[in-house]
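The values are calculated or read from the model by the stated rules, or taken from the named source; none is laboratory data. What you see is a predicted model, and the numbers here were worked out from it, not measured in a lab. Heads up, the Cβs are rebuilt from the backbone with ideal geometry, glycines too, and the neighbour counts pull from every protein chain shown. Ligands, DNA and RNA are stripped out before the accessible areas are found, and what is left, the full protein with its side chains, is counted by its heavy atoms. Shrake-Rupley method; radii C 1.70, N 1.55, O 1.52, S 1.80 Å.
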Amino acid sequence: MQKIQPEYTNFQYSLKLPPDNKFFEKYKSYVDNKTKEKESDNEEYVLCGQCFQYITSIASKITVQGSHYHTFANPHGIIFSLGCFRTAPGCGYTGPATYEWSWFSGYRWRIALCSKCLMHLGWLFESHNGERFNGLILDRILQPE
């Protein structure tokens with residue numbers, strides 16, 4: 001009987017491990033330097049908590065339905081604390097827009113991912129008249145104190 005050898009292809013594994021402190025300190029100093037360059041407009045960064053990709057700015061914080069912060073549970077009972085942001089240029093979006101289980105009345109949603117590491121960071125909410133905002137999961141992003 002002939003033994004069949006599997007064919008191996010060249011591929012890479014993408015592991016989502018938390019970065020070490022040295023990397024964080026190096027990146028933080030980079031962000032600090034960039035922030036100093038932008039002192040004239042006081043822009044501060046919001047970063048992906050996993051890969052430190054720029055997601056949005058603190059200046060993009062908005063109030064939706066009376067608050068910037070919201071806490072919701074999805075149909076599976078998972079609780080999310082969100083912050084609302086006008087834009088999140090560091091996010092990409094996936095999936096069809098749906099009104100099903102929307103946490104914001106009159107808004108449909110799509111999943112928001114970090115455009116660099118693909119970490120689920122929240123949702124893009126869009127109303128029927130085109131108003132849009134991002135609900136970002138607070139424990140998955142880094143904000144200045």
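Quick notes
- Computed with a 1.4 Å probe over protein heavy atoms only, the accessible area of Tyr99 comes to about 110 Å².
- Compared with the direct C-alpha span, the chain from Arg86 to Glu100 gains 2.8 nm at full extension, assuming 0.36 nm per residue.
- For region 72-145, the residue among Ala97, Leu138, Ser81 whose Cα projects farthest onto the positive side of the dipole built from Cβ charges is Ala97.
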